[in-house]
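What follows is a single structure, written as structure tokens, with notes after it.
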């Protein structure tokens, strides 16, 4: 066990173990500061937070295990705590466990500790939130507790940094002189049940530890049993073991907590006294915040502020980043004048790509600022409580609200915010639903099309309502989809929605800043690189092959068409003249038509024909897959107006309104009829035209989820666009 | 006259009589301390009627009624 510590070559591994809401992560931040990074545990979607610190001249690797109430595991995601402690599944067993215990709720917190004691790893127990325990009038005899547990017991207030030195001393001391918490003495029938399983597994040729065998017995739907395989024999073995427990009048599903709590009851006898006014402040604040009327009102007020910050307050910062990107482009571009290809790659591909990554940062940082505040104060749990019923029916839960709401501003921070959901199934569903919410990048498309085609014929009121309702197309499709998805696709077992209402606490700036920094860095490093790659790839598809011939032909046809204009030659000499600009736009248009993406658009047009899209719309749609807002600029280029148009552009609206089919069965008819316009808007509402979202989902879940959701949304968008067009054009 | 915790609509002093299921969800509730003999009360109900918030030994835990139905309770004076 402890021999490994003496080999000085590797860092000492210490794991932080504890229930949710114990201040475990705050303690982790205190101990490691910014020397931490986030990885993923192999094969699952749980994040692994690892930090470095140095104690007594030793390098220490600190792992912040996911907060959990017990070692029971129904899903691979939950198995991670036990696997980390037991040195399974690519994890190395820790040399020491620091058990973080909420001092206001010692007995329940010690259940996990008592379970972990089975693994025979040295421990130190931290009674955190010591100030709250004292405030609540609890008197805890730590000397007696340390005596009973047989390991060092330290009191801390992690958010203020109190007791950290004691903790460090205790860690150093325990590394030199490891101490263990005495294991629970199982009654004979539990030992017998364990032996039944161990023997059974041995006959199947499966190797398992005693603690793992116990987990298989205690956890109905055990993820350890799932891993052991032998689906033909193992259920019979487990049934026999559970029967042994039932024979003694115990329910196998609750026998473990019952026995542990009995054990803890004896252990804690005389340790804690003076329990009293625990919940008084919490109660009176909850009376307001969870009130049917006031609570709901305050909830919407808080959410309004969060949403407003993403939707409006982030705007100036995002504009600043966009302006900065343009400034850098204007700075670098002239230096590369001689090599147009490199110039375009650096300027339109790389710099624009980096700008396209950084532009998400303000929203991510703002959202995580608010999430840290909401979580640390304890309000997030209340918000989830208030809203749970709205989401429960389709497999989401109350905590889905913040990610989904954020999705109306931008899916990127929304997807990342889904980390606040502990239940893996609800988290995955929430992540997959978030891109359906009508993000602000869809708005320009709606504004352009509604402004050009709905407002002139139907007036501003209908236009306003159309715009409003378009925002809910995605959500209206997503919720039933989530319901189907949860019943038919998701194979992960449902977890009960259990929400601990923590005491209200004052958040600390330090924690909030670390959270923001951690998420921002995560996004830029992990997702940013992928987004940048997308940006360069799509640049190349729109740029190549750039033959001089195309420009020559465009120029010749332009000059032929403008023969009659007086002073044509002079105007073309001056690059700033309106005619020159027009010619440039015409050449850009010709280039995009001849680019790989343009050719593909023409080639793929028949696919979009049932939705009424011509090749220009198809190219616009295809080019906006990396980022949907690009469609406006692409439309500008395709219709020879240049890339600088925006959704309010009258020129663009006029051109769209006058655009006619050149050939085919609809020759001479306008391209943009109302059915086409709505088909296009519905397509944008449902399609995941956002490389950044794909990259973030891949980062948060996996590439197969990311690709799956991309394909599903694209297919859904196409199908819905076809239905809208086909029905609309028959009305 | 025992009821399940999910059937409770008022704030009464209650005692858990049994965990009437051996499913995984029952195991989780037990780990949180929902065990026979524990004193509980339904301290709050969400605006839409579900979930409910349960106070037990100074801690407050909210669960959906569907889960609370796994817990059998009786009223105590």
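Here are a few things to note about the model shown:
- When the residues of segment A:252-274 are filtered to those that are within 13 Å of residue A:110 (Cα to Cα) and loosely packed, with under 12 Cβ neighbours inside 10 Å, the one that is farthest from the other protein chains (Cβ to nearest Cβ) is A:266.
- Only listed residue being over 27 Å from residue A:370 (Cβ atoms), crowded, with 20+ Cβ neighbours inside 10 Å and more than 14 Å from chain B (Cβ to nearest Cβ), chosen from A:441, A:452: A:452
- The requirement of being in a loop (DSSP other than H, G, I, E, B) and within 14 Å of chain B (Cβ to nearest Cβ) is not satisfied by residue A:182.
- Within segment A:551-575, no residue that is over 23 Å from residue A:639 (Cβ atoms) sits with its Cβ atom under 9 Å from a residue that is outside any loop (DSSP other than H, G, I, E, B) and at pLDDT below 75 at 6+ positions apart or across chains.
- Residue A:22 vs. criteria buried (at least 23 other Cβ atoms within 10 Å of the Cβ), modelled with pLDDT of 85 or more, assigned to a loop (DSSP other than H, G, I, E, B) and within 25 Å of the chain's Cα centre (by Cα): yes
- Boolean, residue A:592 is modelled with pLDDT of 85 or more and either crowded, with 17+ Cβ neighbours inside 10 Å or in a loop (DSSP other than H, G, I, E, B) (or both): no
- Residue A:110 being touching a residue at least 60 places away in the same chain (Cβ under 8 Å), within 13 Å of chain B (Cβ to nearest Cβ) and either surrounded by fewer than 24 Cβ atoms within 10 Å (Cβ to Cβ) or farther than 19 Å from residue A:175 by Cα (or both): yes
- Considering A:429, A:420, the condition of being surrounded by fewer than 24 Cβ atoms within 10 Å (Cβ to Cβ), within 29 Å of residue A:75 (Cα to Cα) and away from chain B (no Cβ under 14 Å) is satisfied by A:420 alone.
- Restricted to helices (runs of 4 or more DSSP H) entirely inside segment A:643-704, those with at least 3 residues that are more than 13 Å from residue A:448 (Cα to Cα) are A:674-686, A:691-700.
- Selection within segment A:145-179 - at negative phi, in contact (Cβ under 8 Å) with a residue 60 or more places away in the chain and touching a helix residue (DSSP H, G or I) at 6+ places or on another chain (Cβ under 7 Å): A:148, A:156, A:158, A:159, A:164, A:175
- For residue A:364, the conditions (1) modelled with pLDDT under 85; (2) under 29 Å from residue A:401 (Cα atoms) all hold with the exception of (1).
- Just one residue in the set A:299, A:307, A:224 is over 29 Å from residue B:52 (Cα atoms) and touching a helix residue (DSSP H, G or I) at 6+ places or on another chain (Cβ under 6 Å); that residue is A:224.
- Failed criterion for residue A:139 (all others in (1) within 20 Å of residue A:26 (Cβ to Cβ); (2) in contact (Cβ under 8 Å) with a residue 12 or more places away in the chain hold): (1)
- Members of segment A:371-385 that are under 17 Å from residue A:497 (Cβ atoms) and touching a residue at least 60 places away in the same chain (Cβ under 8 Å): A:381, A:382, A:383, A:384, A:385
- Identity of the residue in segment A:192-248, within 14 Å of chain B (Cβ to nearest Cβ) and in a loop (DSSP other than H, G, I, E, B), that ends up surrounded by the most Cβ atoms within 10 Å (Cβ to Cβ): A:219
- Some residue of segment A:609-623 being touching a helix residue (DSSP H, G or I) at 6+ places or on another chain (Cβ under 6 Å) and closer than 15 Å to residue A:448 by Cα: yes
- Being assigned to a helix (DSSP H, G or I) and in contact with a helix residue (DSSP H, G or I) (Cβ under 6 Å, 6 or more places away or on another chain) holds for only one residue in A:107, A:134, and it is A:107.
- Residue within segment A:283-294 that is more than 14 Å from chain B (Cβ to nearest Cβ), surrounded by fewer than 15 Cβ atoms within 10 Å (Cβ to Cβ) and assigned to a helix (DSSP H, G or I) present: no
- Sole exception among (1) away from chain B (no Cβ under 14 Å); (2) assigned to a helix (DSSP H, G or I); (3) in contact (Cβ under 8 Å) with a residue 60 or more places away in the chain for residue A:388, by number: (1)
- A count restricted to segment A:488-527 and to residues that are within 14 Å of chain B (Cβ to nearest Cβ) and either in contact with a strand residue (DSSP E or B) (Cβ under 8 Å, 6 or more places away or on another chain) or part of a helix (DSSP H, G or I) (or both) stands at 6.
The values are calculated or read from the model by the stated rules, or taken from the named source; none is laboratory data. Source: prediction; values computed, not measured. Using ideal geometry, Cβ is built from the backbone for each residue, glycine included, and neighbour counts are taken over all protein chains shown.
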